[in-house]
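Working notes, beginning with the structure itself.
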Amino acid sequence: LHRSLMASRTLITRSLAEVRLTQGNQNREQFLIAGFIDEIASASPLEANARGVRLTVTPVEDGVAIDADRQVLAAVVGNLVQNAFKFTRPRTTVTLRVGASAERVLIEVQDECGGLPSGDVNELFRPFEQRGADRSGMGLGLAFSRWGAKANDGRIYARNIPGRGCVFTVDLPRVPVPIVAMV
């Protein structure tokens, strides 16, 4: 029952974010990425346990901020984490980490799916594209994630690590720390 409720919540969140994107209705705000990642991580253990995988979240550097629609970005990153759980082999790890330079913030989700058999990783972002045996989704998650990243002045890309897994990266512009956060 709890898994079903979590899946329903995820579907509703993603659907609302998609409606906001298509209607051009964004609620952009500046926020610290550390708290955002904590929210994503705290919503994930149940599904990780249900799939027999572990979620590792690396510490986020203090003072890293972005300007984005928090709900849309949460749907994007949440989708990447869910996909990682879905395709990662049991008893392995999904890693969520953030890297930052002076200009960019990189949110990475790395799985241990064994890597992609072949083909262009960019094909994964096409609507209705499904590669795995688990076809429980509609094949829209990565396409939505690309739209959501773009709507937040970012981009998303994937890197295949043959024999190991994949790394999905959301690349966003970094902004100075909001004054409110410094207090």
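The values are calculated or read from the model by the stated rules, or taken from the named source; none is laboratory data. Everything quoted here is computed from the prediction, not taken from an experiment. Backbone-built Cβ (ideal geometry, glycine too); neighbour counts: all protein chains shown. Only protein heavy atoms, including side chains, enter the accessible area calculation; ligands, DNA and RNA are left aside. Shrake-Rupley method; radii C 1.70, N 1.55, O 1.52, S 1.80 Å.
Structure values in brief
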item	result
Out of Ile107, Ile40, Ile66, sole residue that is at pLDDT 95 or above, within 14 Å of the chain's Cα centre (by Cα) and of a type in the set (A, V, I, L, M, F, W, C)	Ile107
Hits in the stretch 43-63 - residues which are in a helix (DSSP H, G or I) and either at pLDDT 90 or above or not small (Gly, Ala, Ser) (or both)	Pro45, Leu46, Glu47, Asn49, Arg51
Hits in the stretch 43-83 - residues which are open to solvent by 60 Å² or more (accessible area, probe 1.4 Å), under 18 Å from Phe144 (Cβ atoms) and touching a strand residue (DSSP E or B) at 6+ places or on another chain (Cβ under 6 Å)	none
Residue match in the stretch 66-84 (condition: over 25 Å from Leu46 (Cβ atoms) and touching a Leu at 6+ places or on another chain (Cβ under 7 Å))	yes
Residue selected from the stretch 84-104 under the condition touching a residue at least 60 places away in the same chain (Cβ under 8 Å) and under 13 Å from the mean Cα position of the chain (by Cα), by the criterion surrounded by the fewest Cβ atoms within 10 Å (Cβ to Cβ)	Val98
Selection within the stretch 162-176 - more than 13 Å from Ile66 (Cβ to Cβ) and open to solvent by less than 50 Å² (accessible area, probe 1.4 Å)	Gly165, Cys166, Val167, Phe168, Thr169
Positions within the stretch 49-83 being among the polar types (S, T, N, Q) and free of Cβ contacts under 8 Å to residues at least 40 places away in the same chain, in sequence order	Asn49
Ile33 modelled with pLDDT of 95 or more, under 20 Å from Ile156 (Cα atoms) and crowded, with 19+ Cβ neighbours inside 10 Å	yes
Some residue of the stretch 131-146 being at pLDDT 90 or above and open to solvent by 30 Å² or more (accessible area, probe 1.4 Å)	yes
Selection count, the stretch 147-183, where residues are of a type in the set (Val, Ile, Thr) and modelled with pLDDT under 85	4
